[in-house]
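The values are calculated or read from the model by the stated rules, or taken from the named source; none is laboratory data. The structure displayed is predicted, hence computed values, not measured ones. Here Cβ is always computed from backbone atoms with ideal geometry, including for glycine, and neighbour counts include all displayed protein chains.
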Amino acid sequence: MRLLARANITVDCEQDCPAVAMLRPRSGLAQWVMAERYELTPWVPATEYVDSYGNLCQRYTIPQGQATVAVESEVEVADQVAVDFHAPWTPVELLPDDALVYLLQSRYCPSDKMEDHAREIVKGTPPGYAQVERIRQWIHDNHEYKYGVSHESTDALDTMEAKAGVCRDFAHIGVALCRSLKIPARVVVGYLYQLDPMDLHAWFEAFVGGRWYTFDATQVEPRGGRIVVAYGRDIADVAFFSNYGPMKVTEMKVSVEKI
């Protein structure tokens, strides 16, 4: 499946504002970037680097006043995500080095406090993919997708208590519960074809059976048509904009179409 994703973001800065953006998808085994356009208005010098999680980061200073960032990405992606209910738990000693960081608790995923919750949810479920899917289903069945109930400091435990949140909150619960079972898990942000309402999206991946698998607690069943923009321990690692000065997002338009 070939998708064309567009994001147009308008911001307002009280003064010149240094910023790091994550708005460019990267080619790899899961996807291939066919074409891109990245426009800054007004134009400013920019540099790019790869962070410790392998994400493409754009660095620039947004001038005082109103500015627009317009990104367009044509990407070849999988029609369906991989599913394997028999994929076993991978022992920690057999994990690749770069997966170990995704076992640690993080700001929004306090996995060190959630093992009892996780054990109760997966009781009687074989270790591995089946446990992660049970967690995903539990989140979907027991939490309402609702705007306005979470804020910048809301973590996975807060969302479980509120029984409501948005995509990033659902992903945080999944990640934290998996890590408490010694299953590496990471937050993913990007685009999902035919997401309703359309917006930038977040889900999670878990490492079982020797590879990463996709899980999305906001959806009824596994869906392909995903463009990955960034991976991280939680949403703090994968913000589309990290601003180092006063900056307000005044408008954001996102679209994804099949071509």
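Structure notes:
Quick grid of which residues meet (1) touching a helix residue (DSSP H, G or I) at 6+ places or on another chain (Cβ under 7 Å); (2) within 19 Å of residue 212 (Cβ to Cβ):
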site: 6; (1), (2): no, no
site: 13; (1), (2): no, no
site: 16; (1), (2): no, no
site: 23; (1), (2): no, no
site: 30; (1), (2): no, yes
site: 35; (1), (2): no, no
site: 43; (1), (2): no, no
site: 46; (1), (2): no, no
site: 53; (1), (2): yes, yes
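- Which listed residue is touching a Ser or Thr at 6+ places or on another chain (Cβ under 7 Å) and of a type in the set (A, V, I, L, M), from 166, 132: 166
- A single member of 148, 174 is assigned by TED's automatic domain parsing to the domain that holds residue 233 and without any contact (Cβ under 8 Å) to a residue 12 or more places away in the chain, and it is 148.
- Strands (runs of 3 or more DSSP E) fully within region 17-84 that include at least 2 residues being out of contact with any Gly (no Cβ under 7 Å at 6 or more places or on another chain), modelled with pLDDT under 95 and within 17 Å of residue 241 (Cβ to Cβ): none found.
- Single unsatisfied condition, residue 62 versus (1) outside the structural domain of residue 178 (by TED's automatic domain parsing); (2) within 20 Å of the chain's Cα centre (by Cα); (3) within 23 Å of residue 22 (Cβ to Cβ): (2)
- Residue list for region 97-152, filter: touching a Pro at 6+ places or on another chain (Cβ under 9 Å) and among the hydroxyl-bearing types (Ser, Thr, Tyr): 102, 129
- Selection status of residue 70, within 18 Å of residue 199 (Cα to Cα) and surrounded by 14 or more Cβ atoms within 10 Å (Cβ to Cβ): yes
- Only one of the numbered conditions (1) without any contact (Cβ under 8 Å) to a residue 24 or more places away in the chain; (2) assigned to a helix (DSSP H, G or I); (3) under 23 Å from the mean Cα position of the chain (by Cα) is violated by residue 100, and that is (1).
- For region 154-205, the set of residues classified as more than 28 Å from residue 71 (Cβ to Cβ) and either of a type in the set (Ser, Thr, Tyr) or assigned to a strand (DSSP E or B) (or both) consists of 159, 164, 180, listed by residue number.
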